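Q: For reference, the structure I am asking about is given below.
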Amino acid sequence: MSFSAVSLPSSASRPPSNLCFTAYQFSFGAPANFFRSGSGGRVVLHGGPHHFCQKFCGLKRWILENLHSQHHKMKIGPTNEYKSIKNEVKDHLTDHSYSTLSHEDSNDRTTKITLQLEESSLPSSKPHDSVTGPTTSLESPSIPQTHSSEFLIEGGAEASLCIAVIGATGELARGKIFPALFALYYSGFLPENVSIFGYSRKDMTDEDLRSMIASTLTCRIDHQENCGNKMDVFLSRTHYINGGYDNREGMSRLNVLMQQFEGKSEANRIFYLSVPQEALINVACSLADNAQTLKGWNRVIVEKPFGFDVLSSHRLTQSLLSKFEEKQIYRIDHLLGRNLIENLTVLRFANLVFEPLWSRTYIRNVQVILSEDLGVQAGKYFDGYGIIRDIVHSHILQTIALLAMEPPISLDGEDIRNEKAKLLRSVRKLEPSDVILGQYKGSTKEEVDVYMNSLTPTYFAAALYIDNARWDGVPFLIKAGMGLIQHRVEIRIQFRHVPGNLYRERMGHNIDRATNELILRDTPDEAILVRVNNKIPGLGLQLDSPELNLLYKDKYNVEVPDSYEHLLLDVIDGDNHLFLRSDELAAAWNILTPVLNEIDKKNIAPELYQFGGRGPVGAYYLWAKHGVPWAED
């Protein structure tokens with residue numbers, strides 16, 4: 001009979017004269033050459049031939065002395081997670097006979113062992129945690145129980161994180177995902193032993209993939225030390241898998257390759273599904289069945305749009321939830337990774353000056369503006385989904401949710417998503433009469449987008465209302481368009497007029513121009529602006545409405561990371577507050593469905609506007625209808 005695990009007391013001053021007494025129990029089936037502290041401070045040694053007790057009597061004292069020495073070393077200072085060491089242990093076995101060993105013949109062969117300090121209970125997904133046999137239970141208080149401190153046998157050789165980009169040869173992967181991953185790696189936000197995998201149907205090699213993405217990688221402007229070396233190391237950790245046309249087989253091959261890089265250590269996996277909507281369900285299900293790790297967590301990133309309408313979105317959601325837990329799914333919208341969006345909760349909940357004013361009592365209207373300029377035209381993908389499904393459904397409504405939600409009980413992602421979901425369920429369904437659609441037209445043949453032959457809207461303006469106590473009666477005006485005169489992304493909060501204003505006569509006939517306003521601008525120049533009324537210096541009493549400004553490029557001398565970097569880092573950290581949950585998704589579709597139905601029935605036709613102009617004229621009438629002066633460029 002062979003024994004694969006024996007627990008030894010680490011605090012004993014001297015070993016008992018007979019190691020093999022009946023009080024000991026043994027467990028079978030654990031991996032060989034594995035040495036760790038068990039629950040309650042036990043030290044478990046795995047490995048060894050027949051009649052374990054007879055062969056290790058002379059070795060026990062040596063092991064205990066070394067464990068005692070390691071314990072004192074750990075007391076000197078904290079151990080960094082994933083710090084690697086190698087301990088050489090003399091294995092007294094020269095053959096597989098049944099002879100008894102002594103101290104004098106203890107220099108025959110050397111075996112590597114791994115010392116791991118672990119939590120009192122380990123995840124059952126680890127291979128060595130599947131052992132169910134009984135183990136010795138000699139408790140020892142001399143080895144402290146620590147959390148997440150691990151000593152690996154190969155210093156960083158085994159991957160602790162694997163990231164797979166599914167659809168690796170697509171434009172999004174080449175232009176955004178791989179550059180964002182390298183930026184995180186270069187800045188130290190990815191572990192050194194990370195492994196990156198590209199997966200697609202093209203017949204390529206590792207070198208082909210590396211050559212394809214190398215030209216898209218850049219280093220930070222503000223610190224370019226070792227840029228070339230870092231890039232070479234990153235590319236060497238990038239590998240390619242030809243998935244073929246059977247995703248189940250392809251995902252199985254991907255899983256095998258990941259396992260080779262992970263080895264036996266605990267490892268986590270991220271799968272970025274940069275694939276067309278029609279292939280998403282097949283890819284996701286194949287991945288779930290064939291490529292998930294059992295030695296750590298799995299997270300799946302899904303690109304927008306999240307369905308074409310409420311029915312298709314529901315089918316997609318149910319398919320994903322049949323294979324993954326909600327906490328594993330990260331529905332990404334890169335526009336939500338902008339600093340403007342991440343700063344919304346900071347401005348609201350970390351500044352006393354704003355939060356007391358954040359309600360219908362003081363706020364007259366809110367305007368959310370996203371306009372793309374002359375350089376941006378719609379493409380083939382956009383023609384199928386339009387600006388409502390592509391931008392309004394996720395980015396615009398998520399921005400309003402973060403801006404208008406109630407304070408969450410904590411900054412935990414689920415607490416924030418709970419409040420966003422409640423807010424979205426409070427938004428009144430859009431009426432077609434409160435919506436203006438537009439589509440740009442070119443003044444010359446060269447300016448006409450070849451893909452825009454349908455009635456797909458490139459411009460959307462609407463007035464939203466939130467039916468709750470905080471925002472009752474406050475219009476939220478949306479403007480999202482392409483091919484406009486200026487690229488502009490900003491939020492404008494206009495406050496009510498001062499009751500009984502003593503200086504009303506000094507403000508001229510247009511009192512709206514003297515309205516206090518908070519402007520959160522993302523582009524063209526990121527800034528926070530506050531419009532106030534002020535006396536112009538000099539004789540007499542003349543008032544002006546200047547803007548107090550915090551211009552980021554003047555205040556902060558740092559390079560602003562790309563939004564994909566922000567969001568990928570959030571996925572790695574498990575921060576999901578900027579990613580749509582299933583109930584948020586359903587609530588957003590519920591708001592937009594009446595308008596989408598009218599568009600599908602061709603009851604609403606988009607108003608044409610000049611490419612490079614200010615958008616449809618009907619938008620100005622819509623603002624007037626709701627008593628809102630539109631803030632022009």
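The values are calculated or read from the model by the stated rules, or taken from the named source; none is laboratory data. Keep in mind it's a predicted model, so treat the numbers as computed, not measured. When we count neighbours, we look across all protein chains shown, and the Cβ atoms used for this are built from the backbone with ideal geometry, even at glycine. Only protein heavy atoms, including side chains, enter the accessible area calculation; ligands, DNA and RNA are left aside. Shrake-Rupley method; radii C 1.70, N 1.55, O 1.52, S 1.80 Å.
Q: Could you please give the count of residues in the range 253-266 that are polar (S, T, N, Q) and in contact with an Asp or Glu (Cβ under 9 Å, 6 or more places away or on another chain)?
A: Narrowing the range 253-266 to residues polar (S, T, N, Q): 255, 259-260, 265.
If we keep only those that are in contact with an Asp or Glu (Cβ under 9 Å, 6 or more places away or on another chain) too, we end up with 265.
Of the residues in the range 253-266, 1 are polar (S, T, N, Q) and in contact with an Asp or Glu (Cβ under 9 Å, 6 or more places away or on another chain).
Q: Return the total of residues in the range 520-563 being under 20 Å from L336 (Cβ atoms) and touching a Gly at 6+ places or on another chain (Cβ under 9 Å).
A: 3
Q: If I filter the range 474-497 for residues that are of a type in the set (V, I, T), open to solvent by less than 20 Å² (accessible area, probe 1.4 Å) and part of a loop (DSSP other than H, G, I, E, B), do I get at least one hit?
A: Yes, the range 474-497 contains a residue that is of a type in the set (V, I, T), open to solvent by less than 20 Å² (accessible area, probe 1.4 Å) and part of a loop (DSSP other than H, G, I, E, B).
Q: Name the single residue, out of those in the range 360-377 being under 27 Å from the mean Cα position of the chain (by Cα) and open to solvent by 10 Å² or more (accessible area, probe 1.4 Å), that is modelled with the highest pLDDT. Walk me through how you get there before you give the answer.
A: Step one: list which residues in the range 360-377 are under 27 Å from the mean Cα position of the chain (by Cα), which gives 368-372, 376.
Filter once more, keeping what is open to solvent by 10 Å² or more (accessible area, probe 1.4 Å): 372, 376.
Numbers: E372: 86, V376: 54.
The qualifying residue modelled with the highest pLDDT is E372.
Q: Can I ask one more? Residues L585, L580, L596: which one is in contact (Cβ under 8 Å) with a residue 24 or more places away in the chain, in contact with a helix residue (DSSP H, G or I) (Cβ under 9 Å, 6 or more places away or on another chain) and within 22 Å of D522 (Cα to Cα)? Can you show your working first?
A: Working: L585 fails: within 22 Å of D522 (Cα to Cα); L596 fails: within 22 Å of D522 (Cα to Cα).
Matching residue, one of L585, L580, L596: L580.
Q: When residues of the range 410-428 are filtered for being of a type outside the set (G, A, S) and open to solvent by less than 70 Å² (accessible area, probe 1.4 Å), how many remain?
A: Step one: filter the range 410-428 for residues of a type outside the set (G, A, S), giving 411-412, 414-420, 422-425, 427-428.
Next cut, open to solvent by less than 70 Å² (accessible area, probe 1.4 Å) only: 414-420, 423-424, 427.
Adding up the residues that qualify gives 10.
Matching residues to (1) at pLDDT below 95; (2) in the same structural domain as A480 (by the TED database); (3) in contact with an Asp or Glu (Cβ under 9 Å, 6 or more places away or on another chain):
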{"position": "W358", "(1), (2), (3)": "no, yes, no"}
{"position": "I400", "(1), (2), (3)": "no, yes, no"}
{"position": "P408", "(1), (2), (3)": "no, yes, yes"}
{"position": "K420", "(1), (2), (3)": "no, yes, yes"}
{"position": "P432", "(1), (2), (3)": "yes, yes, yes"}
{"position": "V448", "(1), (2), (3)": "yes, yes, no"}
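Q: Looking only at helices (runs of 4 or more DSSP H) that fall completely inside the range 543-628, which ones have 1 or more residues that are open to solvent by less than 50 Å² (accessible area, probe 1.4 Å) and among the β-branched types (V, I, T)?
A: Details: elements: 552-555, 563-573, 582-600, 618-625.
Per the criteria, 563-573, 582-600.
Q: Consider I528 carefully, then state whether it is assigned to a strand (DSSP E or B), touching a strand residue (DSSP E or B) at 6+ places or on another chain (Cβ under 6 Å), closer than 26 Å to V435 by Cβ and assigned by the TED database to the domain that holds Y362. Outline the logic, then answer.
A: Details: assigned to a strand (DSSP E or B): yes; touching a strand residue (DSSP E or B) at 6+ places or on another chain (Cβ under 6 Å): yes; closer than 26 Å to V435 by Cβ: no; assigned by the TED database to the domain that holds Y362: yes.
Spelling it out, it is not the case that I528 is assigned to a strand (DSSP E or B), touching a strand residue (DSSP E or B) at 6+ places or on another chain (Cβ under 6 Å), closer than 26 Å to V435 by Cβ and assigned by the TED database to the domain that holds Y362.
Q: What tally of residues in the range 265-282 results from selecting those that are touching a residue at least 40 places away in the same chain (Cβ under 8 Å), closer than 14 Å to M251 by Cβ, open to solvent by 10 Å² or more (accessible area, probe 1.4 Å) and not in a loop (DSSP other than H, G, I, E, B)?
A: 0
Let's see how each residue does on (1) part of a loop (DSSP other than H, G, I, E, B); (2) open to solvent by 30 Å² or more (accessible area, probe 1.4 Å); (3) closer than 11 Å to L273 by Cβ:
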residue: D289; (1), (2), (3): no, yes, no
residue: L294; (1), (2), (3): yes, yes, no
residue: I301; (1), (2), (3): no, no, yes
residue: G307; (1), (2), (3): yes, no, no
residue: S312; (1), (2), (3): no, no, no
residue: Q318; (1), (2), (3): no, yes, no
residue: K327; (1), (2), (3): no, yes, no
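Q: Do you know which residues across the range 336-353 are open to solvent by 30 Å² or more (accessible area, probe 1.4 Å) and either part of a helix (DSSP H, G or I) or without any contact (Cβ under 8 Å) to a residue 24 or more places away in the chain (or both)?
A: Hits for the range 336-353 are N339, E342, V346, F349, A350, N351, L352, V353.
Q: Those residues that are open to solvent by less than 40 Å² (accessible area, probe 1.4 Å) and either of a type in the set (S, T, N, Q) or part of a loop (DSSP other than H, G, I, E, B) (or both), I need them from the range 192-226; list them, please.
A: N193, V194, S195, S200, M204, L217, C219, R220
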